[in-house]
1. Where in the range 722-840 are the strands (runs of 3 or more DSSP E), entirely inside, with at least 2 residues that are crowded, with 17+ Cβ neighbours inside 10 Å, in contact (Cβ under 8 Å) with a residue 40 or more places away in the chain and in contact with a Pro (Cβ under 6 Å, 6 or more places away or on another chain)?
2. Kindly indicate whether P582 is touching a strand residue (DSSP E or B) at 6+ places or on another chain (Cβ under 7 Å) and either of a type in the set (D, E) or in a loop (DSSP other than H, G, I, E, B) (or both).
3. Please list, ordered by first then second residue, the pairs with beta carbon atoms under 8 Å, 6 or more apart or interchain, first in the range 370-385 and of a type in the set (D, E, K, R), second within 15 Å of the ligand (Cβ to nearest atom) and open to solvent by 10 Å² or more (accessible area, probe 1.4 Å).
4. Would you mind stating whether S916 is among the small types (G, A, S), open to solvent by 20 Å² or more (accessible area, probe 1.4 Å) and over 25 Å from A630 (Cα atoms)?
5. Determine whether E325 is farther than 28 Å from D17 by Cα and within 16 Å of the ligand (Cβ to nearest atom).
6. Scan I947, I906 and give me the residue that is in a strand (DSSP E or B), touching a residue at least 40 places away in the same chain (Cβ under 8 Å) and surrounded by 20 or more Cβ atoms within 10 Å (Cβ to Cβ).
7. Is it the case that some residue within the range 532-541 is under 29 Å from the mean Cα position of the chain (by Cα) and among the aliphatic types (A, V, I, L, M)?
8. Would you check if A220 is out of contact with any strand residue (DSSP E or B) (no Cβ under 6 Å at 6 or more places or on another chain) and surrounded by 20 or more Cβ atoms within 10 Å (Cβ to Cβ)?
Amino acid sequence: MHDDRTLVESRLKRVLDERIRPAVYPESVPLEVGIWTAPGEPVPVAEGLAAPRTPIAVGDAWGAPWGTSWITVTGTVPQAWAGRTVEALIDLGFDANMPGFQCEGLVYRPDGTPVKGLNPQNQWVRVAAPAAGGEQVLLHVEAASNPVILDYHPFLPTELGDKDTAGDQPQYKLTRMDLAVFDETVWQLVIDLEVLGELMAELPVDGARRWDVLRAVERALDAIDLQDVNGTAAAARSELTDVLAAPAVPSAHRISAIGHAHIDSAWLWPLRETVRKVARTTANMTALLEDEPDFLYTMSQAQQFAWIKEHRPEVYARVQKAVAEGRFVPAGGMWVESDTNMPSSEAMARQFVHGKRFFLDEFGVENHEAWLPDTFGFTGGLPQIIRNAGSKWLLTQKISWSQINKFPHHTFLWEGIDGTRIFTHFPPVDTYNCSMKGSEIAHAAKNFKDKGVARHSLAPTGWGDGGGGTTREMVAKAGRMKDLEGSATVRWEKPAEFFAKAEAEYPNPPVWVGELYLELHRATLTSQAKTKQGNRRSENLLREAELWCATASLRTGADYPYEQLDRIWKTVLLHQFHDILPGSSIAWVHREAEATYAALAAELDALIDGAQQALAGDTAGGRELVFNSAPHPRSAVPAGGAAPAGSGAGACEVVERPEGGFLLRNGLLDVVVDADGLVASVVEVASGRESVAPGTRANLLQLHPDFPNMWDAWDVDQFYRNTVTDLTAVDALTALSAPDQAAVRVARSFGSSTVVQTLTLRAGEQRLDIDTEVDWHETEKFLKAAFPLDVHTERYAAETQFGHLYRPTHTNTSWDAAKFEACNHRFVHLDEPGWGVALVTASTYGHDVTRAVRDTDGGTTTTVRFSLLRAPRFPDPKTDQGLHRFRHALVPGAAIGDAVREGYRIGLPERRVTGSAEQVAPLVRLDNDALVVSAVKLADDRSGDLIVRVYEAGGGRARGLLTTSYPLAGAVPCDLLERPWDGTRGEVAVEDGAVRLALRPFELVTLRLSAAG
Ligand SMILES: [Zn+2]
């Protein structure tokens, strides 16, 4: 037979595009349209409904950037349409090629009840089915003219990302505002032909099925009268019945589809707009659930539920009903889909505490899956946190975005730094916006790496970010692929149903140990430094506030600020969303984040001050107490307690060197700062060991050009290293004298920027503190601080949640080489047997570590560089411009335990309070420094019990005794939600009023301590 395949395929495309799709709405009449534009920010629904309208016509421009317009459409269903299905078609000026990221609307009835969302690929509103004829139609649309930030030419700098700079040019033109007859038979024919046409394109050309489908499609096209598509659509459909009824082969891949809309909690729009995006999408999805009995929808991020509960109660009522029916499924059990690289141990834990508790309190639902489709990499600390939250599964799609290495599994066990294993699935469909295209379904089946031992995968289905979620077309296509020869099978299933099946069919999945590093978006560890500092400051202040408020409550009976801490935690958790903390949002988001963090800091400082003063007593007592919030003693003050300041041991001196520069000494370290203001030598006095590699100088600031190929705020591409400028020119070098410290100040200028650094040795401290103040006015540059160290090692440690992980210093494999920029929390540590060095940081997450072998002596130089600042121009054209302050320290002779201790210290300054008390005894003490207290707080159930979270921080086994300064009645191991839990494998025993702990490497345990009497 002659091969006419391409002829039929081309015919299908043209007839669908030009004749069949336009016939879905065969008749229409225009609607009358009126508009009112709110003068500033969005207004309450009642105000928008009541505002006076002025006429506007199709073709007219509307919508200044970030504006809100209330658009009213009115019309009458023609009598001739009696018995037909009638829909309003409302095209606000959508670009249907982009499913989201543009204008959007929410449709209301005159009484203020919401109907559904309007989105680029979802422009219809059902008016009558069947129509009687003569119905009056009156609908209101709350239309948001959010500007397009990510355009066809992506990543161009734009001023549209902040309402302060966006101007007032209308962004859209009303396009179609009609009442129209909806011909369901033609619509079904479109779906039939799309499913078969897309399936056909994926089938092997030498297989019979492809040709069966081709001939059926040809017969259907023959059956259509192109001048009367509506009259012949049924006949065309009947030609397709047999090929659509042929069942899938037994070995077909099985896809669990779940309705989904990935809504970034802020990104190319401000937080306040996400509230409305969620309302529009959930209005859409609850409406679709009512229309489609097989459909199921899932939504993650408890924060987004809380927003609609507060701001759109009428939409929330529909969500509650659908959740109760088991068809709207809360997923993930986190407060937001956060970044996981940067949040602290406690913050990562609280993401789950607040997320899961919200779902339990609101819906009585407990999730067992962590749902993070879009997060930029996953730390080795996360598995234990997931398990301690009472969950057991992880879903993410993001690792498929890695630039270099293909991850070897789609379903596997992921093992964290402590040995916890989490059953993990990467959907092989490779998108969290599946639209049920045949190419996507076929890709999932072909791409699935666990074929032969597993058969199930998951497909999150629907448009996110203002796309409105799943469409009725996707549901219709899924229905045809339920059991279709040549296709994977598609069923709507809840995430938990998928995971249960996937786990059951795959008893021995492969294991991946350590972090899930994303080989992309590495610059999110550095961009928007002030947002990152605000996060870190808030985490530290929350630790202090919980500790001292709990102490004051137990000691003095002071009220514990439950509601306030709950609210502050939720605000901090929200800002850890995976486009806020990573610095990848528009200027508006980061401007607001900075202000929010400042307000939180003021509030938390007031809480800390109040609690410490209550503990210190009357200021008239005149005694100065030092409060130590860190988990280790310092200045003779116990951890978690307060005592008079001890006196610093040893003298400090600064000596001017004849060849220029200074020698700083404190009896523990001798530090040479040369004439260029660079650190030429750091010798540990006790061992005589030099830290700085011969022929190099440390604390060297280096400037690179930094213009990635895509994703400016997100990415740094490896070629940035090819060009570098060492900032060695010094403007001023000054010795600073104080009795208990030796310091020099170095001033430099470069480009349009200046930097002042203060290098300080303090009495009794084996640590060189480096305070940096940069007035940064560069464009597309990357600023690093380099520390070339004389250490021979193949790996280094970087702190993560509840421990640390190791990364190579070499680039043996493509996997090693791809980690050219990585995350640490508070320290990077490297050592040779018997001697190590740590670099600690108050708020810098990004760093790189490289190695070189010296020609001079054959020794190895291992260079650690902290990533201080970038200056990308998209999406915020002025990213990081202005004044920044950083604090780092070099700790020679440090073991891991020293790195842990100095990491806590750098973020938790001592606080001095005058009062009458002689001291404040800590509520709890631990007798082993490897056992580190992560949190001390009162129990969230307001029982008055004390919650203490402890982890083993050294990576070894640790035994210890936890004692309390009050009579202890009992200690119960708990999960993160403070529920009794026997999941810990370590030992927790109460003996003689104390708690004996034996923890395995990096194990964390949460204890609920009840007081006697
Ligand atoms: Zn996202």
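1. Details: elements: 732-738, 741-750, 753-762, 768-776, 781-789, 795-800, 803-808, 827-832.
Correct list: empty, since no element meets the threshold.
2. no
3. Taking only residues 6 or more apart or on different chains, the pairs are D374/Y432.
4. So S916 does not fit the description; no.
5. Answer is no for this residue.
6. When all the criteria are applied, what remains is I947.
7. Within the range 532-541, the subset under 29 Å from the mean Cα position of the chain (by Cα) is 532-541.
Next, from what is left, pick out any that are among the aliphatic types (A, V, I, L, M): 541.
Looking for residues that are under 29 Å from the mean Cα position of the chain (by Cα) and among the aliphatic types (A, V, I, L, M), one finds at least one in the range 532-541, hence yes.
8. Yes: the conditions hold for A220.
The values are calculated or read from the model by the stated rules, or taken from the named source; none is laboratory data. Just so it is clear, the model here is predicted, and its values are computed rather than measured. Every residue, glycine as well, gets a Cβ built from its backbone with ideal geometry; the counts of neighbours run over all protein chains shown. Only protein heavy atoms, including side chains, enter the accessible area calculation; ligands, DNA and RNA are left aside. Shrake-Rupley method; radii C 1.70, N 1.55, O 1.52, S 1.80 Å.
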